[in-house]
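For reference, the structure is listed below as structure tokens.
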Amino acid sequence: MRDLAPEICRQRLVVEGLCREPIDAASITAYLSTLSKTIDMVALMEPVTHQSPLYGWAGWIHWETSGAHFYAWDVPRLFFSVDVYACKAFSAAAVVDLTREWFEATDVVFKEF
């Protein structure tokens, strides 16, 4: 993909994993707040969560420099996906490590772009 705005910093990271226990709203909210501190982002609001009876949990936090989305499923398997987008550089390794530990993931994959 051609970079249409090379002078604007944009960093994206997707982290996905499998876990042993279902993930709830309190865990998502605490995770997103901790993620903000871990990668030095300024939160503009408290994290928001929503549970869909069809698709599971979703969470979102808005940062001064963009934000992060979190998704968690119980069915068909215990699975989560985190999307981080920022206009400020951050440590992808710090996000992956925090996410793996926070949710006690049994397997984690990630892609930075």
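Being out of contact with any strand residue (DSSP E or B) (no Cβ under 6 Å at 6 or more places or on another chain), surrounded by fewer than 19 Cβ atoms within 10 Å (Cβ to Cβ), among the charged types (D, E, K, R) and over 20 Å from residue 111 (Cβ atoms) holds for only one residue in 20, 2, and it is 20. Condition check for residue 40 on (1) in contact with a strand residue (DSSP E or B) (Cβ under 8 Å, 6 or more places away or on another chain); (2) touching a residue at least 12 places away in the same chain (Cβ under 8 Å): one failure, at (1). Being under 30 Å from residue 7 (Cα atoms), assigned to a strand (DSSP E or B) and in contact with a Ser or Thr (Cβ under 6 Å, 6 or more places away or on another chain) is the requirement here; does residue 85 meet it? Yes: the conditions hold for residue 85. Please verify whether region 44-59 includes one or more residues that are surrounded by fewer than 19 Cβ atoms within 10 Å (Cβ to Cβ) and in a helix (DSSP H, G or I). Checked region 44-59: no residue is surrounded by fewer than 19 Cβ atoms within 10 Å (Cβ to Cβ) and in a helix (DSSP H, G or I).
Inside region 96-113, can you point out the residues that are assigned to a strand (DSSP E or B) and of a type outside the set (A, V, I, L, M)? Scanning region 96-113 gives 107, 110, 111, 112. Checked against the criterion of being among the aromatic types (Phe, Trp, Tyr) and closer than 21 Å to residue 104 by Cα, region 31-38 contains one or more residues that satisfy it. Going by the structure shown, is residue 93 surrounded by 15 or more Cβ atoms within 10 Å (Cβ to Cβ), free of Cβ contacts under 8 Å to residues at least 40 places away in the same chain and not in a loop (DSSP other than H, G, I, E, B)? In short, no. Restricting to region 79-113, name every residue that is closer than 13 Å to residue 27 by Cβ and touching a Gly at 6+ places or on another chain (Cβ under 9 Å). Once the filter is applied, which keeps residues that are closer than 13 Å to residue 27 by Cβ and touching a Gly at 6+ places or on another chain (Cβ under 9 Å), region 79-113 yields 80, 82, 99, 103, 105.
Rule-based calculations on the coordinates, nothing more; no lab input. For clarity, every value in this text was computed on a predicted model and none was experimentally measured. Note that we place each Cβ from the backbone using ideal geometry, even for glycine, and neighbour counts take in every protein chain shown.
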